[in-house]
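Asks: Got a structure for you, questions after.
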Amino acid sequence: MSLAGLEMVFFLPAVLLLYWAGPRHRHWQNGVLAVASALFYFTWSPRLLGLLAAAIGVSFGAGRWLQVLPLEGVSQEEATVRRRRRRWIVTGAVLAEVGILGVFKYAGFFTNSLAAILDALGLPVSWPVLHLALPLGISYTTLIQVGYLLEVYWERTPACRDPLAYGVFVAFFPQLIAGPIARAREQLPQYLEVRRPTPEAVATGSREFLLGFTLKAFVADWAAPHLVDPVFQSPLAFGAAAAWAGLLGYAVQLFSDFAGYSLMALGVGRLFGVVLPVNFRHPYLSKSLAEFWRRWHISLNTWLFDYLFAPLTTGRSWFRGKAGPAFVVVFLVSGLWHGPTWTYVLWGGLHGVALWVHHAWDETYKGLCRRDRAWVARRRSSSYLLASWVLTQGFFLLTLIPFRAPNLGVAADLVRAMAGGGSGGTLPEGLGFQGAAALAFFVAWHVAEFRPGAWAIGWFERLPAPVRGVAYGLWVVFLAIYVPLGAATFIYGQF
Amino acid sequence: MDRGALRQRIIDWLDDQYHFGEAEQKIGDDDASFLDRGVLDSLGFVALIVWLEDLLHLAIDRRNISRENFDSMNKILDYVERRLAGERS
């Protein structure tokens, strides 16, 4: 089951009905969400539901334990003892959470990589290879729980006392497949209050769901089979134009798939009176890599920033004040988080190094600005901004090659095809009506960020409600005609 | 260092690192949010923390690194005053 699947047509209204028709009490509301989330999880990984429950139990219990060992209001000696005990608790709990992720997601990768290294050194080994099913959303639920544990450890948020509310905070079904990664300070208080329906939340939630569904099922699911998959399957069969079209198509697919699903999650959350964190803010309009990562998968990047980058660069280690090397570490972790393959590690490494280079350029440019204010104005000029945009987006586009390619060999083949080294084939089909409409929607989505787009949205919002209702209805009919039901894939679900 | 002198040092640092003579104008109001007004982004906050620690020879505890303590000029000055007063007492 997924938010974009046919089952959701029955599942979502049934859960909403139970949720809002029952007693207006948080235990009822959290209970309904817990059962619905467990059912949702069960349809993907029935045998691993117990593992998720155990992981939630560990982080909840560790949080409570930390809470009963406050550092304030005790003697110096007692504070020292407690500090040590708290460190043990948080280390143990974080290791347990990351350990589960490590075993299920990375054990095969590391054992295979180690075997390959030993083999290259002339020490061939043969050991059993683990083939474990990846629990649904484990990369997301692990980060949610580790973030919570660190917040409680640093006493920036109180430990949750309500296990039901905590369970929903970790495993609320709209965020299970592809995030967003909930943060304790913003999310937990919402589950500790009674939620009440408002017309605004229903209207906004429905609109977000519909927009997200359009991006996901109409744009991304069209781009994948028509542009992306054929090119990445056998790049050398294509000419340069088709190879570039395949890569550009992947940029369209990746954004639409992930931002679309995130928006659907936000919309569903709002229908339950829960506000989930925004995950995308038009990253393809960014004019620097740093800005790009503040706009793309925001919940992951703020997590990595708060719990990895900031502690590294403000701590007492060698990384203190050294943003460049810290970027490399953070993005290698980000690459590995996306998947246990060397192509993801390469992708992360490339972004880390590029951010380091950008940071060094920034420092150099600051020197110019200090000497002559004219450089400040130059940086704001249209030509500088356009060049920055082209460089940023061009770099991101090229790094999508290792991100999408199944292995480094295919990545190299695609680069060769893009340079004209392929056998010159073209894509099997033209754009057609649906392709043109999908790409037009993708472009319109970005134009909406500029003044004419904002004006058009404002104009639409001011139309009488029945007119808007008819427009949405026609939109749904249009999607029902053009979206193939049950064909959805989820790029970020596999992470 | 008194409050006025520290404020000036922060303005000088912001001008040197990010705003090149426009920091005062960018800040506008000492109670306004640095993040909302574009005075600093998240990377800038990290750099500010490191700079403040080195300047004042104090260690800012991770539990205190938050918008509540650093997201405006007055919040920064209040936090530093509290910390320095705490260390003297």
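The values are calculated or read from the model by the stated rules, or taken from the named source; none is laboratory data. Everything numeric here is computed off the predicted structure, so don't read it as measured data. Methodologically, a virtual Cβ is constructed for each residue, glycine included, from the backbone with ideal geometry; neighbour enumeration extends over all protein chains shown. Accessible surface is based on the protein model in full, side chains and every heavy atom, while ligands, DNA and RNA are left aside. Shrake-Rupley method; radii C 1.70, N 1.55, O 1.52, S 1.80 Å.
Asks: Residue by residue through the stretch B:25-56, note down the ones that are exposed (fewer than 12 other Cβ atoms within 10 Å of the Cβ) and either among the acidic types (Asp, Glu) or within 9 Å of chain A (Cβ to nearest Cβ) (or both). Spell out how you get there, then give the answer.
Replies: Taking the stretch B:25-56 as the starting set, the residues that turn out to be exposed (fewer than 12 other Cβ atoms within 10 Å of the Cβ) are B:25, B:28-29, B:31, B:36, B:54.
Correct list: B:Asp29, B:Asp31, B:Asp36, B:Asp54.
Asks: Same structure again: Taking the stretch B:57-78 only, how many residues are open to solvent by less than 30 Å² (accessible area, probe 1.4 Å) and in a helix (DSSP H, G or I)? Lay out the reasoning, then the answer.
Replies: To start, the set of residues in the stretch B:57-78 that are open to solvent by less than 30 Å² (accessible area, probe 1.4 Å) comprises B:58, B:60, B:66, B:69-73, B:76-77.
Next, only the ones that are in a helix (DSSP H, G or I) stay: B:69-70, B:73, B:76-77.
Summing the residues that are open to solvent by less than 30 Å² (accessible area, probe 1.4 Å) and in a helix (DSSP H, G or I) in the stretch B:57-78 gives 5.
Asks: Looking at the stretch A:94-113 only, could you name the residues that are surrounded by 15 or more Cβ atoms within 10 Å (Cβ to Cβ) and under 14 Å from A:Leu149 (Cβ atoms)?
Replies: Correct list: A:Val94, A:Ala96, A:Glu97, A:Val98, A:Ile100, A:Leu101.
Asks: Using beta carbons and a limit of 6 Å, which pairs, at least six apart or on different chains, have the first residue in the stretch A:309-323 and facing chain B (nearest Cβ under 7 Å) and the second one open to solvent by 50 Å² or more (accessible area, probe 1.4 Å)?
Replies: A:Ala323/A:His359
Asks: Could you tell me how many of the residues in the stretch A:174-221 are open to solvent by 10 Å² or more (accessible area, probe 1.4 Å) and under 22 Å from A:Leu397 (Cα atoms)?
Replies: Count: 1.
Asks: Let me ask something else about it. Looking only at the stretch A:334-352, decide whether some residue is of a type in the set (Phe, Trp, Tyr), within 14 Å of another protein chain (Cβ to nearest Cβ), within 27 Å of A:Phe442 (Cβ to Cβ) and open to solvent by less than 40 Å² (accessible area, probe 1.4 Å).
Replies: Of all residues in the stretch A:334-352, those of a type in the set (Phe, Trp, Tyr) come to A:337, A:342, A:344, A:347.
From what is left, the residues that are within 14 Å of another protein chain (Cβ to nearest Cβ) are none.
Within the stretch A:334-352 (the criterion being of a type in the set (Phe, Trp, Tyr), within 14 Å of another protein chain (Cβ to nearest Cβ), within 27 Å of A:Phe442 (Cβ to Cβ) and open to solvent by less than 40 Å² (accessible area, probe 1.4 Å)), the answer is no, since none of the residues qualifies.
Asks: Going residue by residue through the stretch B:79-86, is there one that turns out to be surrounded by 15 or more Cβ atoms within 10 Å (Cβ to Cβ) and free of Cβ contacts under 8 Å to residues at least 12 places away in the same chain? Walk me through it before giving the result.
Replies: Taking the stretch B:79-86 as the starting set, the residues that turn out to be surrounded by 15 or more Cβ atoms within 10 Å (Cβ to Cβ) are B:79-80, B:83.
Applying the additional criterion that residues be free of Cβ contacts under 8 Å to residues at least 12 places away in the same chain yields none.
No, the stretch B:79-86 contains no residue that is surrounded by 15 or more Cβ atoms within 10 Å (Cβ to Cβ) and free of Cβ contacts under 8 Å to residues at least 12 places away in the same chain.
Residue-by-condition table, conditions (1) of a type in the set (Asp, Glu); (2) at pLDDT below 95:
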| residue | (1), (2) |
| --- | --- |
| A:Ser2 | no, yes |
| A:Leu16 | no, no |
| A:Thr43 | no, yes |
| A:Phe60 | no, no |
| A:Gly73 | no, yes |
| A:Glu77 | yes, yes |
| A:Arg83 | no, yes |
| A:Ala93 | no, no |
| A:Asn112 | no, yes |
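Asks: OK, next. Considering the stretch A:285-308 alone, what residues qualify as being away from every other protein chain (no Cβ under 14 Å) and surrounded by fewer than 18 Cβ atoms within 10 Å (Cβ to Cβ)?
Replies: Of everything in the stretch A:285-308, just one residue is away from every other protein chain (no Cβ under 14 Å) and surrounded by fewer than 18 Cβ atoms within 10 Å (Cβ to Cβ), namely A:Leu285.
Asks: Looking only at residues in the stretch A:267-284 that are touching a Ser or Thr at 6+ places or on another chain (Cβ under 9 Å) and hydrophobic (A, V, I, L, M, F, W, C), which one is least open to solvent (accessible area, probe 1.4 Å)?
Replies: Going residue by residue through the stretch A:267-284, those that are touching a Ser or Thr at 6+ places or on another chain (Cβ under 9 Å) are A:267, A:270-271, A:273, A:276-280.
Add one more test, that the residue is hydrophobic (A, V, I, L, M, F, W, C), and what stays is A:271, A:276, A:278, A:280.
Details: A:Leu271: 27, A:Leu276: 6, A:Val278: 63, A:Phe280: 30 Å².
Filtering first and then ranking leaves A:Leu276.
Asks: I need the full set of residues from the stretch A:363-395 which are of a type outside the set (A, V, I, L, M, F, W, C), closer than 25 Å to B:Ala47 by Cα, open to solvent by less than 40 Å² (accessible area, probe 1.4 Å) and free of Cβ contacts under 8 Å to residues at least 24 places away in the same chain, in order please.
Replies: So the first thing to find is which residues in the stretch A:363-395 are of a type outside the set (A, V, I, L, M, F, W, C), and the list is A:363-367, A:370-373, A:378-384, A:388, A:392-394.
With closer than 25 Å to B:Ala47 by Cα added as a condition, the list becomes A:363-367, A:370-373, A:378-380, A:388, A:392.
Remaining after also requiring open to solvent by less than 40 Å² (accessible area, probe 1.4 Å): A:365-367, A:388, A:392.
Matches in the stretch A:363-395: A:Tyr365, A:Lys366, A:Gly367.
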